[in-house]
Amino acid sequence: MKTLKGDTIYIRALEPNDLEFIYAIENDMSIWEVSNTQTPYSRFLIKQYLENAHQDIYEAKQLRLAICQDQDYPAVGLIDLFDFDPKNNRAGIGIVIHKEANRNQNIGTEALALLIAYGFNQLNLHQLYANIGTHNKASIALFTKFGFENIGIKKDWILVNGTYHDEAIFQLINKK
């Protein structure tokens, strides 16, 4: 896949040298809530995942890309299309920016704009959706900035530290 470039970031396919970065993200318990992760991942499993990351979205039903700020290739985040459904032309979309230092710099905004355009223009998707905890104000603001609409609340959907939280589903329909 060609690299998708914005003004200050680019998103690219995963590379074998992303192993430590993905290992750090997948094992960061502070973000498990948004990724539905419940157990740590080993380097071995992540290495296996990276070895199969070349699979086409039509085969794997997902596309995970690294978000980078410069040409030296270090990733600062990940952005995904998941639950890809080519029959109904839809996919889920998710994003994580690793470390507080990289947040609030429009990295997520630019990456999301690039992947929305890719999904609608290259994959001809009719719609994208995102599942966001109702307490995650930053993610809600990010997705609504692009026109995603809250189409429903899943009550007591996520268990975090012994407390249930609601999760909203946001949807963006391609009007073209």
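The values are calculated or read from the model by the stated rules, or taken from the named source; none is laboratory data. If you're wondering where the values come from, they're calculated on a predicted model, not measured in any experiment. Here Cβ is always computed from backbone atoms with ideal geometry, including for glycine, and neighbour counts include all displayed protein chains. We work out accessible area using only protein heavy atoms, side chains counted, and drop any ligands, DNA or RNA first. Shrake-Rupley method; radii C 1.70, N 1.55, O 1.52, S 1.80 Å.
Residue under question is residue 45, and the condition is that it be of a type outside the set (Gly, Ala, Ser), at pLDDT 85 or above and under 15 Å from the mean Cα position of the chain (by Cα); does it hold? Criteria not met by residue 45. Within the span defined as segment 15-29, one or more residues are modelled with pLDDT under 80 and closer than 30 Å to residue 160 by Cα. Being touching a residue at least 24 places away in the same chain (Cβ under 8 Å) and either open to solvent by 70 Å² or more (accessible area, probe 1.4 Å) or more than 17 Å from the chain's Cα centre (by Cα) (or both) is a property that does not hold for residue 38.
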